[in-house]
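Trainee: Structure incoming, see below.
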Amino acid sequence: IYLTITRPDISYGFQLVSQFMHAPKKSHMDAALRILRYLKKEPGLGILMHSYNNLKLIAYYDSDWATCPMTRRSLTGYCTKLGDSLISRKSKRQVTVSRSSAEVEYRAMAATTCAVVWILGLLADFGIKGVEPVSLRGDNKAALHISTNPIYHERTKHIEIDYHLIREKIQQGVIKAEYVATHEQPADILTKGLGKAQHRYLESMLGVLNI
């Protein structure tokens, strides 16, 4: 579990196998051993923290809708970068079932907004200011439309708290919702299995290099 702090590239696989740690079956053990073989193959990978002064804060969020075969709960993943340095990330199963991909992405957006607000408070304690608005980047256009639409719709009532939280932070200039293409979305590595080439590419976007 501690290794995932410096190896976000294994967060998704670790999150999956950890669900069965109390009663693992052979398939779960095989998956865990595959993660260990991957780690052994490239033990030098880690997060590179850049030394140059770039205080632009960017947050990426993503989700995988209804992927749990037992509960149909969705997986949320987000990461934040200060300049080119990854400073936080999270991959977690959502606590409620979502009825659409737009809803699950919006919940991921709200979770990322809360993380950004906390990071801004921490930076302020260190005397670092002027990083707002924070670029909040997602690849679901429906969720982005909800966040920037000033008209409240009845169909979004079930996510009312998340709706008001995000709208408030946008109006305050704390965050700025932006679209990012799916193949340029580094949070994908936290929510789903990827092909080798795309996995490597998103690793590099997160600053995971052979150090």
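Trainee: So in the chain, what percent of DSSP beta bridges are antiparallel if you round to the nearest 5?
Mentor: Of the beta bridges lying entirely in the chain, close to 70 percent run antiparallel.
Trainee: Something else: If I take every Cα pair under 8 Å that is 6 or more residues apart in the chain, average their sequence separation and divide by the length, what percent do I get for the relative contact order?
Mentor: About 27 percent, as a whole number.
Trainee: Okay, moving on. For segment 14-84, which trypsin sites (Lys or Arg not before Pro) are both in a DSSP coil and crowded by at most 13 other Cβ atoms within 10 Å?
Mentor: Sparse-neighbourhood loop trypsin sites (Lys or Arg not before Pro): Lys25, Lys56, Arg72.
Trainee: Could you sort 174-180, 188-194, 109-115 so that the peptide with the highest average Cβ count within 10 Å comes first and the rest follow in order?
Mentor: Sorting 174-180, 188-194, 109-115 by mean packing, highest first, produces 109-115, 188-194, 174-180.
Trainee: List the lysines whose alpha-carbon lies under 16 Å from that of Lys41, not counting same-chain residues fewer than 8 positions away?
Mentor: Lys196
Trainee: Only one of the listed values, (i) 58, 44, 22; (ii) 42, 38, 34; (iii) 51, 45, 30, was derived from the coordinates as Cα extents along the principal axes in Å; which label is it?
Mentor: Here Cα extents along the principal axes in Å agrees with entry (iii).
Trainee: Could the peptides 124-135, 3-14 be put in order, highest first, of the mean number of other beta-carbon atoms found within 10 Å of their residues?
Mentor: Per-residue Cβ counts within 10 Å, averaged per peptide and sorted highest first, yield 3-14, 124-135.
Trainee: Something else about it: Treat every Asp and Glu Cβ in the chain as -1 and every Lys and Arg Cβ as +1, leave all other atoms uncharged, and give the resulting dipole magnitude about the Cα centre to the nearest 20 debye.
Mentor: 660
Trainee: Checking the cross-link filter: which lysines have an alpha carbon closer than 27 Å to that of Lys169, excluding same-chain neighbours under 8 positions apart?
Mentor: Reachable lysines: Lys56, Lys81, Lys90, Lys92, Lys129, Lys141, Lys157.
Any read-out appearing in this document is the output of simple, stated calculations on the displayed coordinates, not a laboratory observation. Source: prediction; values computed, not measured. We place every Cβ from the backbone using ideal geometry, glycine too, and count neighbours over all the protein chains shown.
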